[in-house]
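Take a look at the structure set out below.
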Amino acid sequence: MAADGTTFQGSEIAYDLNGDARTLRYDYIKGPTGWSVNVYDGMTSTTPLNAAPFAIPGGALVIPATGTLGAMTIDFSAVTSDPGKTGVNSPSNGIGRIPTMEFDALGKIITPLSLTTQAMAFGGAEFNSLTISIDGSTQLSSEFKVGNGKIDGNAASNVVGHEISEDGIVYLKYSNGDLVPKYRIAVADVQSPDQLNPLAGNVYTQSNDSGIIVMGYAGNGSYGTIISNALEDSNVDIAEELTSMIESQRNYTANSKVFQTGSELMEVLVNLKR
């Protein structure tokens, strides 16, 4: 049994308001009436974060904010004092509570089957909570082994492209195959599309006869749909345009004949005068 004044240490990682990892040191101290604990910021710190030693067993130790290290609540309700032990084991699941692991007679874990981390936000970035499955863990007469650990988190993934749906939603495509919606393209409609003013570059602008522009989204009402990764085919009727060109050529020829005939008549009149 530990003598009075004996100190055992434990530690865990906490993250400050800047997202930097900080090591919290737990000093468990044996006293005449039981155990108490002090919490320090760093393995070499000599000034505890708590005002007075916290008695064990106990409830939650509330530590006020200090610098970039935010306020913390550390739950010691599951920590017990065992007279037959001379050491302190203080694993943490990230929220200050010590998890209890139970195994059956065959060494297979019974509880807990998974651990869930807390969601955190640092500098505008959100880190979602992760559920870590440990149901493949075993405790046998050999080294500790996790036979089949699974986690629902994903590694960082780069943007490799984009896709646009028929209703105008722009999705970013990541290298892991995920599609994340980021934007929706708005479209415009007018009462008389045939009265729009054509401009260079295959674009149109509003005119007095086209009506006012009404904004909306593709897939709703009269706005139609968006076809991604496609070019618009030519909307010119080649046969009609060729016929119009021949008509224009014939009209030009006929008009030139009129001017030629008029010139010849004028020349005859001039010669008669002579």
Exercise. Take the residues of the stretch 2-40 that are within 23 Å of Ala71 (Cβ to Cβ) and hydroxyl-bearing (Ser, Thr, Tyr): which is modelled with the highest pLDDT?
Worked result: Tyr40
Problem set entry | Among (1) open to solvent by 70 Å² or more (accessible area, probe 1.4 Å); (2) of a type outside the set (D, E, K, R); (3) assigned to a loop (DSSP other than H, G, I, E, B) - the single one Leu269 does not satisfy | (3)
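Table: residues versus (1) surrounded by fewer than 11 Cβ atoms within 10 Å (Cβ to Cβ); (2) within 35 Å of the chain's Cα centre (by Cα); (3) modelled with pLDDT under 60.
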| position | (1), (2), (3) |
| --- | --- |
| Ile56 | no, no, no |
| Ala60 | no, yes, no |
| Pro83 | yes, no, yes |
| Thr86 | no, no, yes |
| Ile95 | no, yes, yes |
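Yes/no per residue for (1) hydrophobic (A, V, I, L, M, F, W, C); (2) touching a Phe, Trp or Tyr at 6+ places or on another chain (Cβ under 8 Å); (3) at positive phi; (4) outside any helix (DSSP H, G or I):
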position: Tyr183; (1), (2), (3), (4): no, no, no, yes
position: Tyr204; (1), (2), (3), (4): no, no, no, yes
position: Tyr223; (1), (2), (3), (4): no, yes, no, yes
position: Leu231; (1), (2), (3), (4): yes, no, no, yes
position: Leu242; (1), (2), (3), (4): yes, no, no, no
position: Tyr252; (1), (2), (3), (4): no, no, no, no
position: Ser256; (1), (2), (3), (4): no, no, no, no
position: Leu265; (1), (2), (3), (4): yes, no, no, no
For this session: Return a yes/no flag: does the stretch 253-272 have any residue that is of a type in the set (Phe, Trp, Tyr) and within 30 Å of Ala188 (Cβ to Cβ).
Result: no
For this session: Spot the failing condition for Val180; the list is (1) open to solvent by less than 60 Å² (accessible area, probe 1.4 Å); (2) over 37 Å from the mean Cα position of the chain (by Cα); (3) of a type outside the set (D, E, K, R), and only one is missed.
Result: (2)
Exercise. Right, Thr44: part of a loop (DSSP other than H, G, I, E, B), over 30 Å from Gly124 (Cα atoms), open to solvent by 40 Å² or more (accessible area, probe 1.4 Å) and at pLDDT 80 or above or not?
Worked result: yes
For this session: Tally the residues that are outside any strand (DSSP E or B) and surrounded by 13 or more Cβ atoms within 10 Å (Cβ to Cβ), restricting the search to the stretch 62-71.
Result: 1
Exercise. Do any residues in the stretch 235-257 that are open to solvent by less than 90 Å² (accessible area, probe 1.4 Å) have Cβ atoms under 9 Å from those of residues that are in a helix (DSSP H, G or I), where the two are at least six apart or on different chains, and which pairs are they?
Worked result: none
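The values are calculated or read from the model by the stated rules, or taken from the named source; none is laboratory data. Please read these numbers as outputs of a predicted model, since none were measured by experiment. In this analysis, Cβ positions are derived from the backbone assuming ideal geometry, glycine residues included, and neighbour counts consider all displayed protein chains. Note: accessible area is taken over every heavy atom of the protein model, side chains too, but ligands, DNA and RNA are not part of it. Shrake-Rupley method; radii C 1.70, N 1.55, O 1.52, S 1.80 Å.
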